[in-house]
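Asks: To start, I am sharing the structure in question, which I have written as structure tokens.
The values are calculated or read from the model by the stated rules, or taken from the named source; none is laboratory data. Treat the numbers as computed from the prediction; the structure is a model and nothing was measured. A quick note on method: Cβ atoms are made from the backbone with ideal geometry, for glycine too, and the neighbour counts reach across all protein chains shown. Quick note on the areas: whole protein, heavy atoms, side chains included, nothing else; ligands and nucleic acids left out. Shrake-Rupley method; radii C 1.70, N 1.55, O 1.52, S 1.80 Å.
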Amino acid sequence: MARSYVHEARRRVGPKRKRIVPIVERLRWEHADAAIALTFRSPLELLVSVMLSAQTTDVNVNRVTERLFEKYRRPEDYLAVPEEELQRDIFATGFFRQKTRSLRGTMRVLIEEFDGQVPRRMEDLLRLPGVARKTANVVAAELGEPQGVVVDTHVRRLSQRLGLTKQEDPVKIERDLQKLVPREYWGLFPHLLIWHGRRVCDARNPRCEVCVLNDLCPSSRV
Ligand code: SF4
């Protein structure tokens, strides 16, 4: 019974290849303000903000970086203070010991190998200590050169509900999305899903009745 219901819902909305562009276009219209919620003024500040945002909220990171970025302006500044001082300065973002180690390691590599500049290629970003795929993806996309699709909890939930992937693992979800989403939208698409997830397609109470995607979504309750 459940299987035939799912099958029927998928048939109703049609193949994902035909739905993906209308999905992007409607979400762009609905969430014209969708953008990264971190505050930064340079590639270095972007990288630091994204690294600090692990396991905490963007609001919390912005609160900490407001002062942090006045004091630490160049990669060298993160190495010029004792480790404990940097730990104190980022304490409120949580996991401050590990984040301090990653930040200092990253600054060292930036200075030694990249002339103090933040690289834009994924393979270079992934060489920075403490920078995993998600961080690298966010940074590359914000610097105008998306090379993958960021998959966070909202992107995962919405991709599954919209029938864009059947996978659970973020790496496999990203692979499915890379095949499906036109490349020019790789940077924007995660922001759209994140904002739609926050505002409409809530984890527990999706508001399908007001959702602009309800005729394109196999999980719609209306
Ligand atoms: S129709 Fe419902 S389940 Fe589908 S994306 Fe919209 S809110 Fe989420």
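Asks: From (1) touching a Pro at 6+ places or on another chain (Cβ under 7 Å); (2) open to solvent by 20 Å² or more (accessible area, probe 1.4 Å), pick out the condition that doesn't hold for ARG63.
Replies: (1)
Asks: Continuing with this model, one more query. Kindly provide the set of residues from the range 74-100 that are in a helix (DSSP H, G or I), in contact (Cβ under 8 Å) with a residue 12 or more places away in the chain and within 22 Å of the chain's Cα centre (by Cα), ordered by number.
Replies: Of everything in the range 74-100, those that are in a helix (DSSP H, G or I), in contact (Cβ under 8 Å) with a residue 12 or more places away in the chain and within 22 Å of the chain's Cα centre (by Cα) turn out to be ILE90, ALA92, THR93, GLN98, LYS99, THR100.
Asks: Tell me, which helices (runs of 4 or more DSSP H) lie completely within the range 1-67 with 2 or more residues that are among the hydroxyl-bearing types (Ser, Thr, Tyr), touching a strand residue (DSSP E or B) at 6+ places or on another chain (Cβ under 9 Å) and at pLDDT below 95?
Replies: Details: elements: 2-13, 16-30, 43-52.
Output list is empty.
Asks: Scan LEU177, LEU192, LEU158, LEU110 and give me the residue that is of a type outside the set (Lys, Arg) and either touching a Ser or Thr at 6+ places or on another chain (Cβ under 9 Å) or open to solvent by 20 Å² or more (accessible area, probe 1.4 Å) (or both).
Replies: Exactly one residue qualifies, and that residue is LEU177.
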